[in-house]
Amino acid sequence: MKKFLAQAYLWILLAFLYAPIAFIAIYSFTEAKAFGSWSGFSMNLYKNLLTGNVSGGNGLVAAIENTLVIALAASIVATILGTVSAIGIFNLRGRKKKTIQFLNSIPMINPDVITGVSLFLLFVFLHFSQGYLTVILAHITFCTPYVVLSVLPRLSQLNPNIYEAALDLGATPSQALRKVLIPQLRSGMLTGFILSFTMSLDDFAVTFFTRGTIGLETLSTFIYADARKGGLTPELRPLMTLIFIIILVVLGLINTRQSKSKQANHINF
Amino acid sequence: MNKRSSWALPYLIFLVLFVVLPLLLIALYAIRDGSGGFTLSNLTRFFTDGDALSTFAVSIEVAIENTLICLLLGYPAAWILANKDLNKSAVTAILFILPMWINALMRTLATAELFNSLGFTLGKGTLIFGMVYDYLPFMIYPIYNVLLKMDKSYGEAAADLGATPSEVFRKVTLPLSKPGIFSGILMVFMPTVSTFAISEFLTNNKIKLFGTIIQENINSSMWNYGAALSLIMLVIIGLTTIILGGDEREVEGGTL
C-alpha cells in the first residue's frame with residue numbers, strides 16, 4: 001500500500017512534468033500554424049522539416065546547424081581542456097588546489113544571465129568582434145567545470161601504479177597517457193562530454209549576450225525571436241518531438257548497457 | 001611534487017581570462033559613467049528606480065515561492081526515488097531529468113499554450129506553476145544523489161535504538177540530506193531570480209523578473225546601469241552561497 005502511494009505520487013508528478021511535452025507532440029501532428037489549434041491530423045510538418053522545406057525560409061534549418069556546430073565544438077574543447085585540467089588539479093595539493101576548484105565552481109553557481117553579461121563586457125572591453133567564436137568560447141567557459149567534476153572522481157579511483165608500470169615497461173609518457181590513462185578515464189570524459197553537449201544545446205542566455213549583431217541564431221535564440229514576433233514556426237513542434245524521441249532511445253540504450261555491465265557506480269546524469 | 005600538476009596551468013589562465021576578469025569588468029563598468037569616469041550613480045540609481053525595485057521585490061518573492069514549492073514537492077519524490085523498498089528501478093529517476101533535454105524556452109512556451117487552452121489567464125499563478133515545471137528536476141536531483149549515497153546503517157541503528165520511523169526521518173535522514181537540500185535551493189533560487197524570457201512567456205509580458213531588467217539595459221546599450229544591476233545580483237549570489245555554505249563539494253552533488 002505504501003509502495004503504491006509512493007509510486008502514484010511519482011507518476012502524478014511525472015504526468016505534470018510531461019504535460020507540456022505531450023502537448024507539443026500532439027500538436028506536431030496537425031498543420032495549423034498557431035500552436036494550440038487543431039486542423040485535422042497531418043504529417044506535413046514532419047515532411048517539411050525532414051525535407052528542409054520549412055515555412056518562413058531556412059532560418060530554422062540554419063539555427064539547427066549553428067546549434068549543433070557550436071555544441072560539438074564547445075563540448076569537444078571542453079572535454080579535452082577539462083580532462084587535462086582534472087589531471088593537473090588531481091596532482092595539486094593544498095591552497096592551489098582549493099583556489100582552482102573554487103574558480104572552477106564559479107561558472108556553475110553563476111546564473112546564465114551573469115555569465116552572459118560578464119562575457120559580453122569582456123568581449124566589448126577587448127574589442128573582440130562577437131559571433132561564432134565568442135559564442136563557442138562562452139560555451140566552453142560554462143561547460144568545462146562539469147567535465148572537470150566528471151573526470152576528477154575517476155582519477156581518485158585510479159591505481160597510480162598502473163601508469164608507473166607502463167613507464168617502467170618502456171612506454172613513453174605520451175604512450176602511457178594514450179594507452180593507459182585515457183582509457184581508464186573514458187567514462188568520466190564521456191559523462192562530461194554529454195553534459196557539455198546538452199547544456200550547450202539548451203543554452204539561451206549566454207548565447208543571447210555573446211552572439212553579437214551578425215544575425216547568428218541558435219535554436220534557443222531562434223525560438224525566442226519567433227515567440228516575440230508572435231507565432232512559433234510550426235515545424236518546431238515535430239523537431240522537438242523528434243529530439244525527445246531520439247533522447248529517449250539513446251538513454252534507453254545507455255541504461256540497458258549499464259545495467260548489463262552491472263557497475264556498482266550508478267550513472268551520473 | 002608531481003610535475004603533472006602543471007597541467008592545470010592552461011585552465012587556470014583560461015579561468016582568469018574568462019571567469020575572473022569578466023566578473024571584475026562587471027564591477028568596473030558598474031562604477032563608471034558613459035565617458036569612463038568614476039561614479040556611484042549607477043548603483044544609487046537602482047535604489048530610486050521604482051520599476052527596478054518593484055521588479056526586484058517580485059523576483060525575490062517568486063523565487064522564494066518557487067524554491068519552497070520545489071522543495072516540498074521534490075523532497076518526497078527524491079526520497080521515494082532513493083528508497084529501494086519503494087522504487088526499484090533507476091528508470092523513474094531518469095524520467096525526472098529527461099524533460100531537461102527539451103529546449104527550456106520551447107517547454108515554457110508549450111506550458112503557456114497549455115494554460116491558454118485550458119482557459120487559465122496567464123499571470124502570477126501560471127508563472128509559479130511554469131517555474132516549478134522548469135526547476136523541479138534541479139531540486140530533486142541533488143537531494144536524490146545525497147540520499148542515494150547516504151549510509152543506510154545510521155537510520156537502522158537509530159531504529160534499533162528505539163526511534164520511531166518519523167524520528168529516524170527527522171533526526172537522521174533529514175539532517176544528513178542537508179547538503180542536497182542546500183545545493184537544490186542554490187540551483188533553483190538564483191536562476192529563478194535572474195531568469196529572463198521565461199517569465200514574460202508565462203505571463204504574457206505582465207510580470208518581469210530581474211534578469212529581464214538586466215537584459216533590457218544591456219540590449220539598449222545602457223551597459224553601465226546593466227553592469228550595476230548585475231553587480232547587485234552578484235552580491236546576492238555571494239550572500240546566498242555563503243549562507244548555504246555551498247562549496248564545490250556540494251555543487252558536485254548537484255551535477256545534473
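What follows draws every value from the coordinates through simple rules; no lab data is involved. Here the structure is a predicted model, which means the values were calculated and not measured. Positions of Cβ are generated from backbone atoms using ideal geometry, with glycine treated the same way; all protein chains shown enter the neighbour counts.
Apply the Kirkwood formula to the protein assembly as shown: the hydrodynamic radius equals the inverse of the mean of 1/r over all pairs of different alpha-carbon atoms; give it in Å with one decimal.
On the way: mean 1/r = 0.0408 Å⁻¹.
It works out to 24.5 Å.
Can you list the chymotrypsin sites (Phe, Trp or Tyr not before Pro) in the range A:112-174 that are in a DSSP coil and have 15 or fewer other beta carbons within 10 angstrom? Show your work: numbers first, answer last.
Values: sites: A:120, A:123, A:125, A:128, A:132, A:142, A:146, A:163; in loops: A:128.
Of the chymotrypsin sites (Phe, Trp or Tyr not before Pro), the ones in loops of the range A:112-174 whose Cβ has at most 15 other Cβ atoms within 10 Å are A:128.
Compute the orientation-averaged projected area for chain A from the convex hull of its Cα atoms and round it to one decimal in nm². Don't skip to the end; give the middle numbers.
Numbers: hull surface 81.4 nm².
In nm², the orientation-averaged hull projection of chain A is 20.4.
Expressed in nm to one decimal, what extension gain is obtained for the pair residue B:92 and residue B:164 from 0.36 nm per residue of sequence separation less their Cα-Cα distance?
Values: separation 72, 0.36 × 72 = 25.92 nm, distance 2.85 nm.
Between residue B:92 and residue B:164, full extension yields 23.1 nm more.
Determine the sum of side-chain charges near residue A:169: Lys and Arg each +1, Asp and Glu each -1, restricted to other residues whose C-beta is under 15 angstrom from that of residue A:169.
Working: positive: A:178, A:179; negative: A:164, A:168.
Computed value for this residue: 0.
What are the residues whose amide H is under 5 Å from the amide H of residue A:30, where those residues sit 5 or more places off or on another chain and H is modelled from the backbone?
For residue A:30, whose amide H was placed from the backbone, the distant partners under 5 Å are A:42.
Hey, what's the per residue convex hull volume over the C-alpha atoms of chain B, in cubic angstrom?
Values: hull volume 48.7 nm³, N = 256.
Per-residue hull volume (Cα only) is 190 Å³.
Please give every one of the lysines within straight-line cross-link reach of residue A:47, meaning a C-alpha to C-alpha distance under 20 Å, and leave out same-chain neighbours fewer than 8 residues apart.
Within reach: A:33.
Based on DSSP H runs of at least 4 residues, each adding -39500 (n - 2.57), what is the mean residue ellipticity at 222 nm of the protein assembly as shown after dividing by all its residues, to the nearest 500 deg cm²/dmol? If you can, show how the numbers build up before the last one.
Details: 26 runs with 377 residues, N = 525.
Mean residue ellipticity, 222 nm, calculated: -23500 deg cm²/dmol.
Roughly how large, in nm² to one decimal, is the mean projection of the convex hull of the alpha-carbon atoms in the range A:173-256? Mind showing how you got there, number by number?
Numbers: hull surface 34.8 nm².
Over every viewing direction, the Cα hull of the range A:173-256 projects on average to 8.7 nm².
Please list 3J(HN,Hα) in residue order for the range A:111-128, calculated via the Karplus relation 6.51 cos²θ - 1.76 cosθ + 1.60 where θ = phi - 60°; whole Hz, with x for glycine and proline.
x, 3, 4, 5, 4, x, 5, 5, 6, 4, 5, 4, 5, 5, 4, 8, 6, 9
Output wanted: per-residue J couplings in Hz (rounded whole) for the range B:193-199, from phi through Karplus 6.51 cos²θ - 1.76 cosθ + 1.60, θ = phi - 60°, x for Gly and Pro.
Running phi through 6.51 cos²θ - 1.76 cosθ + 1.60 with θ = phi - 60° gives 4, 9, 5, 10, 6, 4, 5 Hz.
Starting from the Cα of residue B:149, draw a straight line to each of the aspartates and glutamates and keep only those under 15 Å, dropping any in the same chain fewer than 8 residues away.
Output for residue B:149: B:250, B:252.
Lysines near residue B:152 by alpha-carbon distance under 28 Å, same-chain residues fewer than 8 away left out - which ones?
A:2, A:3, A:260, A:262, B:84, B:88, B:171, B:178
Please turn the phi angles of the range B:22-33 into ³J(HN,Hα) values with the Karplus equation 6.51 cos²θ - 1.76 cosθ + 1.60 (θ = phi - 60°), one per residue in order, whole Hz, x for glycine and proline.
x, 5, 5, 5, 4, 4, 5, 5, 5, 9, 10, 9
Using a simple spin-label model with points 7 Å from Cα along the Cα→Cβ vector, what separation in nm is obtained for residue A:178 and residue A:5?
Calculated label separation equals 6.1 nm.
Within chain A, what is the longest stretch that has no trypsin sites (Lys or Arg not before Pro) placed in a DSSP loop and near at most 14 other beta-carbon atoms within 10 Å?
Values: sites that count: A:33, A:93, A:262.
Counting only loop sites that pass the neighbour cut-off, the longest clear stretch is A:94-261.
Would you mind ranking A:127, A:139 so that the residue whose beta carbon has the fewest other beta carbons within 10 Å leads the list?
Working: A:127 6, A:139 27.
Fewest-to-most ranking of A:127, A:139: A:127, A:139.
Suppose R0 equals 35 Å. What FRET efficiency, 1/(1 + (r/R0)^6) with r the Cβ-Cβ distance, do residue B:9 and residue B:235 give to the nearest 0.05?
For residue B:9 and residue B:235, the calculated efficiency is 0.70.
Alpha carbons only, please: Rg and Dmax for the range B:1-103, in angstrom.
Rg then Dmax for the range B:1-103, in Å: 23.2, 66.
Tell me which residues come under 5 Å, amide H to amide H, from residue B:32 once H is placed; ignore anything under 5 positions away on its chain.
Under 5 Å from the amide H of residue B:32 lie the amide H atoms of B:39, each far enough along the sequence or on another chain.
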